[in-house]
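Below is one structure, written out as structure tokens; the observations come after it.
Just so you know, all these numbers are worked out from the coordinates, no wet-lab data involved. Computed from a prediction, not measured in an experiment: that's the story for all the values here. Here the Cβ positions follow ideal geometry from the backbone for every residue, glycine too, while neighbour counts run over all protein chains shown.
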Amino acid sequence: MLPDQPPELLAARVSSGDGTRLYADATAGIAADLRWQRGAFVPDHAIVIDADSPRQRILGFGAALTDASAEVLSTMPAPDRSALLRELFATRDATTRDTTALGLSSLGLTTLRLTIGSSDFSSSLYNYEPRPGAFTLRHDERRIVPLLDEIRSIQPDLRLIASPWSAPPWMKTRPTMFGRLGPGLARRTARPWLTWLGRRSRLDRRHFGDYANYLVRYCERMAELGHPVDLLTLQNEPGLAPGYPGMVMSVHDQIRLIADHLGPALAASSVRTRLLAHDHNWDATPKVLRLLGDPAAGRFLDGTAWHGYKGEPDAQSVVHRAFPKRSTHLTEITSFRDPKTLLAQPIAHDLRWHMRMIALGATRNWAESITYWNLALDGHGGPFLGPGAVPGQRHGSQMEGVVGVIASRQTNPAGNRETTVQRNVGYYSLAHLSAVRPGARCLTSTGHETGYTLNAAFQNPDDSLVLIVASDARERRTTTIAVSGWHAELSLDPGDTVTMVISRSPRAISLQ
């Protein structure tokens, strides 16, 4: 940006606090209100962007292609599925300067999380090595891999994160994919005698080597299929023994598994997969510090994966200060329907929490990627394998996908059931992040959580600035935005969220 030229607003999108607008084009209105000027301004509550202090580099944003999501997407009519995938993953051609519809037609998602074997969002139990030596990825090759092929044809910059829920039963202390079984769950299994109420299943230490080889073989096979795994977490939510596929894993066992088996096996493999620790909530920083600080295991760890269900996002900064060279990734968060009515929460209300804690909270606390949970679920929040299923709905849950795909009872002339796409709060949270492209750097900015606004600023590889601001006030407030010696005033109503793309050079490109 030249010193004698004011910033130029290239595009702006707003979600209003009253819910009447969701990621709507507000470029003309905000551009008219932003009157850039030089000189002094009142610094209280001001958003001052320091473009000369780049922080973490952004890998990307996205969601999980679970077995449930793959089933829902695969059953859509091909034209409908293609249109939805393009809306979610396509990136605008950066050779054009047309700003008339930027960001309104696609999100440009670039990360996908995959489950290694079945999770709670699967229609059935499965793993890739049902007996020793019989490894096969046949289950994923039927449905998940073809979808990955389709998505990668739309988004070549796709990055994959993979997480296991459970080892194959023969590798565990109890022969079950479940983390824990009770009477209700036992009735849903083929073996009703598996009723260890309160008894947790773990990875048998005698099979640490087998499990490490199992995970490495998964990564190698995915690479052979054209979908290399960029990031691998050791175990999804290792502190939880759930009534669905899962297993507890103590910090001691994680250290021994990484240091003695998985770390060396990955290093000796042909894949370039990086290993992440933890993959659980923000409320367990002592465990994360112990994992990263162990001299034998820590040398194999690229960084930490976090979930956003408990704790606060500043836990990420606590770990970052102790290990500043390690990467930080938010690998799971979702939205929920009202547990009493089973109806969706008002998006505008729910979006406030997701902006505070996830889109802005996680990135301000060093997150290089944010990956929501299920990319797509059906109208009942399924298919779902876990406990707490919605009464009267087979395989239903209270969780929402980034999108919901609701199949109509009617069929079109081609004989396919028509589908309706419902965009949930995760969709709009990712939409407000969509202007931030892979390779962007998060910037230092003031004015966050001052009673006026929440905010985060980024510098894209094309040198454009992205500023995301969410109102943190109970009434309409005006705050000052300052960058590179210029400042202007921005007014927001309570609950408003706005994403702005600001030029820093005549050739800057805005929303993708």
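When its C-alpha radius of gyration is set against 2.2 N^0.38 Å (N residues), region 255-313 gives a value of 1.19. Per-residue ellipticity at 222 nm, computed for the chain from helices alone with -39500 (n - 2.57) per DSSP H run of at least four residues, works out to -6000 deg cm²/dmol.
Its Cα centre serving as origin, region 232-386 has a Cβ charge dipole (Lys and Arg +1, Asp and Glu -1) of approximately 360 debye.
Projecting label points 7 angstrom from Cα along Cα→Cβ for Asp493 and Arg274 puts them 4.2 nm apart. Give me the angle, in degrees from 0 to 90, between the Cα long axis of helix 208-224 and the longest principal axis of the Cα atoms of the chain, rounded to the nearest 10. Helix 208-224 sits at roughly 60 degrees to that axis. Quotient of the Cα radius of gyration of the chain and 2.2 N^0.38 Å, N being its number of residues: 0.98.
For region 477-493, 3J(HN,Hα) computed residue by residue from phi via the Karplus equation (6.51, -1.76, 1.60; θ = phi - 60°) reads 10, 10, 10, 9, 10, 10, 8, 6, x, 10, 9, 8, 9, 10, 10, 10, 7 Hz, glycine and proline entered as x.
Placing dummy labels 7 Å off each Cα toward the beta-carbon, the span from Glu141 to Asp338 is 4.8 nm. Number of Lys-Lys pairs in the chain with C-alpha atoms under 24 Å apart and a separation of 8 or more places or on different chains: 4.
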